[in-house]
1. Out of the residues in segment A:4-31 that are open to solvent by 40 Å² or more (accessible area, probe 1.4 Å) and hydrophobic (A, V, I, L, M, F, W, C), state the one that is nearest to B:Leu136 (Cα to Cα).
2. Among the numbered criteria (1) under 15 Å from the mean Cα position of the chain (by Cα); (2) open to solvent by 10 Å² or more (accessible area, probe 1.4 Å); (3) of a type in the set (A, V, I, L, M, F, W, C), which one does A:Val85 miss?
3. Go through segment B:64-76 and give me each residue that's surrounded by fewer than 21 Cβ atoms within 10 Å (Cβ to Cβ) and farther than 16 Å from B:Glu7 by Cβ.
4. Could you pull out every one of the helices (runs of 4 or more DSSP H) wholly within segment B:77-160 that has 2 or more residues that are acidic (Asp, Glu) and surrounded by 15 or more Cβ atoms within 10 Å (Cβ to Cβ)?
5. Give just the number: which of (1) over 24 Å from A:Gln142 (Cα atoms); (2) in contact (Cβ under 8 Å) with a residue 40 or more places away in the chain; (3) open to solvent by 20 Å² or more (accessible area, probe 1.4 Å) does A:Asp71 not satisfy?
6. For B:Lys158, work out the one condition from (1) at pLDDT below 95; (2) more than 7 Å from chain A (Cβ to nearest Cβ) it doesn't fulfil.
7. I'm told B:Leu31 meets every condition in (1) of a type in the set (A, V, I, L, M, F, W, C); (2) more than 12 Å from chain A (Cβ to nearest Cβ); (3) within 26 Å of A:Thr169 (Cα to Cα); (4) touching a Pro at 6+ places or on another chain (Cβ under 7 Å) except one. Can you identify the failing condition by its number?
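The values are calculated or read from the model by the stated rules, or taken from the named source; none is laboratory data. All of these numbers come straight from a predicted model, not from anything done at the bench. Glycine also receives a Cβ, built like all others from the backbone with ideal geometry; neighbour counts cover every protein chain displayed. Ligands, DNA and RNA are stripped out before the accessible areas are found, and what is left, the full protein with its side chains, is counted by its heavy atoms. Shrake-Rupley method; radii C 1.70, N 1.55, O 1.52, S 1.80 Å.
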Amino acid sequence: MSRIIRKFTTRVPKWRPHVVPVDLETATEEQRTALSETPSNTKISDYVLVLAHDPEALSARTPLFNGIMYDAGGLSRAERELGAVAASFVNRCIYCAAVHASRYNQITKDETVMQKVFLDGEAADLDARSKAILEFGVRLSQCPPQVGQADIEALRALGLDDQEILDLTLATALFGWANRLMHTLGEPVDDR
Amino acid sequence: MISHVLERTAGVPETGALAKVLKLRARLMDLTQASHDAALLPRVPGGLSLPERAVLAARMARICGDAALAAHYTELAGNAGDLLAVAEPGVGSEERRLAALLAYTDKVTLRPKDAVPEDIEMLRDAGLAEGDIVRLAGLVAFVNYQLRVANVLRAMGKSA
């Protein structure tokens, strides 16, 4: 019996769906086309096979996901991952937080930032720029979202330009989307 | 002329600093619009009707205090009849299936962290097919994304 993971971790768990995934063997042409691109170019997972129930949505969603996280210019890759983790922390999506915290760690070669975020959340003791990004991500992830002009000014004061602020917004909001799929349609389990 | 729902309802000016940074992400804004159309105006709606999608989206926009997106989604709902009542947050339904749609939409909009497997079981018990559960989850998740980007675009527009 596999154990459900309820605490934040950078060890990526297995995702167990609550909805029956589409069977790749019997998938329609439209479903196969939608599955031809995957988020972050990973293998075809149970997660994308669950989303393949709605190929029309998936075929727009996957290139949007990859564009927001990987397109050139604007905000750094690591800081996009930090926005993703901020949303996943608020929404308590353990799976998304694990995947994107570990990507952050791979890029920055520094595990202390994510350790602090998982321990203290928005109160984490980070450098000023990372702290501002984290706080912005947390405020944007509330319901209703809490971003006002003062939040934009706070990011600008720390040197983020408007392109970076837009990219941070897209990455954070994208995870408001991803968390609402991953954390409701399935759950993270330890498959050891 | 701005044709995308997001930039239009967020009141993004057609020129200036904000328009310029959006231009670098024009492909992503096109894909955001495509995602809007797939969630709200799909070619294959399955078991989740277009008016149901629109009123649920209007309800989420109102929960988030976004009058412009609420107006857009209410307009999409058009002549939804009795269904229009549940576009107002807090209004429930006696009908089991609609009550389940509302319960899922409210919880996953307001408190996604509290999601449990029983939320999905509730939808299944109310008669939703597997594909329709995914369609509903996709709608709720997308609209919450759009509401957040709109929130920031408005704030950026004001402090340009």
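1. Only one residue tops the list, namely A:Val20.
2. Failing condition for A:Val85: (2).
3. B:Gly65, B:Ala67, B:Thr74, B:Glu75, B:Leu76
4. Output list reads B:130-158.
5. (2)
6. Going through the list (1) at pLDDT below 95; (2) more than 7 Å from chain A (Cβ to nearest Cβ), B:Lys158 breaks only (2).
7. (2)
Quick grid of which residues meet (1) touching a Leu at 6+ places or on another chain (Cβ under 8 Å); (2) aromatic (Phe, Trp, Tyr); (3) at pLDDT 95 or above:
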| residue | (1), (2), (3) |
| --- | --- |
| A:Leu35 | yes, no, yes |
| A:Asn41 | no, no, no |
| A:Ser45 | no, no, yes |
| A:Val48 | yes, no, yes |
| A:Ala57 | yes, no, yes |
| A:Ala60 | yes, no, yes |
| A:Gly83 | yes, no, yes |
| A:Ala87 | yes, no, yes |
| A:Val90 | no, no, yes |
